[in-house]
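The next block holds one structure in the form of structure tokens; read it before the comments.
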Amino acid sequence: MKLLLTIFLVFSIPENDCSTFYLIRHAEKVRTNKSDRDPKLNEKGILRALNWKEYFLDKDITKIYSTNYKRTLETVKPFQEAIGLATILYSPSSIDYKDFISSNKGEIVLVVGHSNTIPNFVNELINDQVYAQIDDLNNSNLYIVNLCDSSISHRLIKVN
């Protein structure tokens, strides 16, 4: 009898098919050398990275993705260190979005990228062309995407 009850409970508890994605652009970068393709964060960016850490601490993030640039890794580092989660590197030019969605089913994910990659990333997640490229001086956009079976919701908020 116990075995039948256990089997019934295992198969009757629905799997969480809902995923939440938080997507941000890196914090403010050093702009003194225009030829530096991989600058670090400036003082304002370091403060923003600390603010992002505080913002995400209660979001139950289960995975962190970042491009392999100093500014993106430095943006996520305070949060990543605070929760002890490894950062997974990704390349915007070679990501398979369908695979990304399926491999993160049921997860709460933070993605850090760039002004010219994050809006497209969001558009791919929601399968619609809603968001335009971010202005180069805007580092406060936070895109939130919820995917739950066939239901998709998304929004853009500013976090200063």
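The values are calculated or read from the model by the stated rules, or taken from the named source; none is laboratory data. Because the structure is predicted, anything quoted here is derived from the model rather than measured. Cβ: placed from backbone, ideal geometry, glycine included. Neighbour counts: every protein chain shown.
Do any strands (runs of 3 or more DSSP E) entirely within segment 42-160 hold 1 or more residues that are touching a residue at least 60 places away in the same chain (Cβ under 8 Å) and under 19 Å from K29 (Cα atoms), and if so, which?
Passing ranges, in order: 108-113, 141-148.
Can you tell which of K70, K29, K53 is at pLDDT 95 or above, buried (at least 18 other Cβ atoms within 10 Å of the Cβ) and more than 24 Å from V145 (Cα to Cα)?
When all the criteria are applied, what remains is K29.
For residues in segment 115-137 being crowded, with 19+ Cβ neighbours inside 10 Å and not polar (S, T, N, Q), which is nearest to C148 (Cα to Cα)?
Among those that are crowded, with 19+ Cβ neighbours inside 10 Å and not polar (S, T, N, Q), it is L125.
Return the residues of segment 75-87 that are closer than 16 Å to N104 by Cβ and exposed (fewer than 12 other Cβ atoms within 10 Å of the Cβ); say none if nothing qualifies.
A86
Every residue in segment 88-103 that is in contact with a strand residue (DSSP E or B) (Cβ under 7 Å, 6 or more places away or on another chain) and under 16 Å from S66 (Cβ atoms), please.
Result: I88, L89, Y90, P92.
L147: hydrophobic (A, V, I, L, M, F, W, C), crowded, with 17+ Cβ neighbours inside 10 Å and within 12 Å of the chain's Cα centre (by Cα), yes or no?
When the stated conditions are applied, L147 does not pass them.
Here is a list of conditions, (1) touching a His at 6+ places or on another chain (Cβ under 8 Å); (2) closer than 22 Å to Y90 by Cα, and V130 meets all of them except one; can you say which number that is?
Exception for V130: condition (2).
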